[in-house]
Amino acid sequence: MRKVLFVCTANLQRSPTAEQIFQGWKGIWETKSAGIMPEPGCTPLSQELIDWADVIIVMETLHSQYIRTHFQRAANKISVLGIPDRYFRNEPKLQQELHNKVPSILERAGTT
């Protein structure tokens, strides 16, 4: 299995939605999600998660900058979606954004 980590700010709306949508995608992807400043009860981003992931997909550039500044061995794994923090978990518009942007990243990463 290939491993993808989805990252947003609070691990409350966007990254958990992506984790759910792409779990088991095409039979080769295992997913997790985390936040750079998680809400209580949500998953904080850690070096362990960075090391676990083959691919790290972040919602905004600020998440990529945070990871590059605070974690090792992550820079070459990161892709930025450009999905702003204006959606609720599992909101149809968020799901559509994810379906439009994530598959091409996973397709490229799944063949390497």
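All of the numbers you see were taken from the coordinates with simple rules; none came from a lab. None of the values given here were measured: they were computed from a predicted structure. Backbone-built Cβ (ideal geometry, glycine too); neighbour counts: all protein chains shown.
Overview of results
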| read-out | value |
| --- | --- |
| Approximate spin-label separation Ile105-Ile28, in nm, with each point projected 7 Å along Cα-to-Cβ | 1.7 nm |
| FRET efficiency for Lys93 and Arg68, using Cβ-Cβ distance with R0 set to 41 Å, rounded to 0.05 | 0.90 |
| Separation of the Lys3 and Ala75 label points, Cα + 7 Å toward Cβ, nm | 2.2 nm |
| Protection proxy ranking, peptides 67-74, 32-39, average beta carbon neighbours within 10 Å, highest first | 32-39, 67-74 |
| Burial ranking of peptide ranges 54-60, 5-11 (average Cβ count within 10 Å, highest at the top) | 5-11, 54-60 |
| From the C-alpha gyration tensor of the chain, square roots of 5λ in Å | 18, 18, 12 |
| Value at 222 nm in deg cm²/dmol, rounded to 500, when DSSP H runs of n ≥ 4 in the chain each add -39,500 (n - 2.57) | -12000 deg cm²/dmol |
